[in-house]
1. Taking only Cα atoms, what is the 0 to 90° angle, nearest 10, from helix 4-17's long axis to the longest principal axis of the chain?
2. Expressed as an acute angle from 0 to 90° and rounded to the nearest 10, what is the orientation of the C-alpha long axis of helix 197-216 relative to the principal long axis of the chain?
3. Expressed in whole Å with the largest first, what are the equivalent ellipsoid semi-axes of the range 1-55 derived from the C-alpha gyration tensor as the square root of 5 times each eigenvalue?
4. Can you compute the radius of gyration and Dmax for the range 81-147, using only the Cα atoms, both in Å?
5. Can you tell me, using C-alpha contacts under 8 Å and at least 6 residues apart, the relative contact order of the chain as a whole percent?
6. Can you tell me what percent of all Cα-Cα pairs in the chain are more than 32 Å apart?
7. When only Cα pairs under 8 Å and 6 or more residues apart are kept, what is the percent relative contact order across the range 55-154?
8. Over the Cα atoms, compute the radius of gyration (one decimal) and Dmax (the largest Cα-Cα distance, rounded to a whole number) for the range 158-219, in Å.
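Read-outs throughout are calculated quantities, based only on the coordinates presented, and are distinct from any laboratory measurement. What you see is a predicted model, and the numbers here were worked out from it, not measured in a lab.
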């Protein structure tokens with residue numbers, strides 16, 4: 001699933017390529033991606049046609065395009081969703097689900113697995129009410145470090161579970177949690193109260209650093225499912241220290257990286273450095 005850096009790459013691409021262009025038509029090619037619009041695909045299309053995208057915004061793993069009406073087009077990429085900008089007349093992608101024809105180009109929502117989707121958020125231009133419960137992310141200038149550290153230290157779950165709790169801190173997923181924990185030399189199962197405030201702050205700083213580094217590389221791509229709006233992959237997977245590196249030597253101590261089951265996913269860590 002795309003995490004903060006990947007979604008931010010897409011947001012920046014949308015900001016550069018689709019703003020201030022009227023939506024001439026909307027074609028819903030499969031109803032599932034607009035399933036949250038209870039009035040149906042036809043109403044979804046009608047509500048967007050003639051409007052313009054005025055800003056591209058993000059909170060955590062959600063992004064939205066603010067409309068000149070004060071509403072917003074809210075998107076979540078899920079496991080395989082893509083927001084692509086194409087020339088009018090370009091061949092359709094195999095898993096094209098929704099087409100937004102603008103004045104001189106097309107915005108396309110492509111999703112193979114269809115866990116993601118797009119929705120119209122009424123009055124959601126500044127912040128869609130559907131995601132008000134999502135916390136700010138570590139790259140947000142208004143993120144409250146002190147409050148985050150305090151909440152972590154009084155919460156019993158292991159620190160990795162807390163990093164993945166989007167109501168506590170958004171945008172950090174499995175990849176960047178493992179990478180930040182490795183950098184901070186902290187095991188993901190350590191409960192919050194067992195961490196010193198300086199350790200939690202250090203971990204937060206490492207999360208910022210690793211996500212900023214990934215952002216500079218265009219995000220992390222393991223396959224063709226994550227691409228930017230131009231269909232290009234990111235390259236941060238070449239810089240990962242532990243994630244996906246099972247049995248490879250730890251870059252710091254040389255011991256084999258361990259893979260363990262975690263919340264229907266996998267955790268990767270060094271049993272020596274993070275022990």
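1. 30 degrees
2. Rounded to the nearest ten degrees, it is 40.
3. Values: eigenvalues 104, 61, 13 Å².
So the three semi-axes of the range 1-55 are 23, 18, 8 Å.
4. Gyration radius and largest Cα-Cα distance of the range 81-147: 16.3, 51 Å.
5. Working: 579 pairs, mean separation 49.6, N = 275.
This gives 18 percent for the chain.
6. On the way: 10619 of 37675 pairs.
Percentage above 32 Å: 28.
7. On the way: 160 pairs, mean separation 28.9, N = 100.
Result for the range 55-154 is 29 percent.
8. 11.1, 35
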